[in-house]
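Trainee: First the structure, then my questions, so here it is.
FYI, it's all coordinate maths here, none of it is from the lab. Quick caveat: nothing in here was measured; it's all calculated off a predicted structure. All Cβ positions, glycine included, derive from the backbone under ideal geometry; neighbour counts span all protein chains shown.
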Amino acid sequence: MRHKTSGYFLLSALLVSLILGLCISNGLIGLAGALVTHYVGYSDTSTSNGTLIYGLAAVIIGEALFGRIFHNFALKLLAVSLGAIIYYIVIQLVLTLGFDANLLKLLSASVVAIFLAVPYWKGKYFAKPAAKKAQKEGAKNA
């Protein structure tokens, strides 16, 4: 009987900490939005769309390139930061090559799609011969 009640208290403590974490994170996001609006001088419904795409691209690129190398949280955070830097460099390179700025959304989606395909290409073309042989045997047995 004691184990059931201790599990209940553990679950309630976990839910309380989850709710508090969400409240704090949403409060920080609201504060950041207020500071950006104050700095820029206006706010619009489409103001943060580019920031959202930039953040998602940073996470995708960082995980695609460094996901198997970095295992703990600090190194994964470094991978996301490196992904943001790589994404910024690629976008700046595209703009300096003289492409139309109106095609930037298409180009940024293409960059993200290419980096999403990187883990597949790594596994297919750059895998060790023993791993390729095991994949072929696994496909025949399936």
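Trainee: Report the gain in length on full extension from Ile29 to Val59: 0.36 nm times residue separation, minus Cα-Cα distance, nm rounded to one decimal.
Mentor: Going from the current span to full extension adds 9.0 nm.
Trainee: Along the Cα→Cβ direction, 7 angstrom out, place labels at Leu75 and Tyr42. What is the inter-label distance in nm?
Mentor: Distance between label points: 4.7 nm.
Trainee: When only alpha-carbon atoms count, how far does the stretch 49-127 stretch along each of its three principal axes, as whole angstroms with the largest first?
Mentor: Extents along the principal axes, in whole Å: 38, 29, 19.
Trainee: Moving on. Calculate, in nm to one decimal, what Lys122 and Ile89 gain on full extension: separation in residues at 0.36 nm each, minus their alpha carbon distance.
Mentor: Extending this stretch completely gives an extra 9.7 nm.
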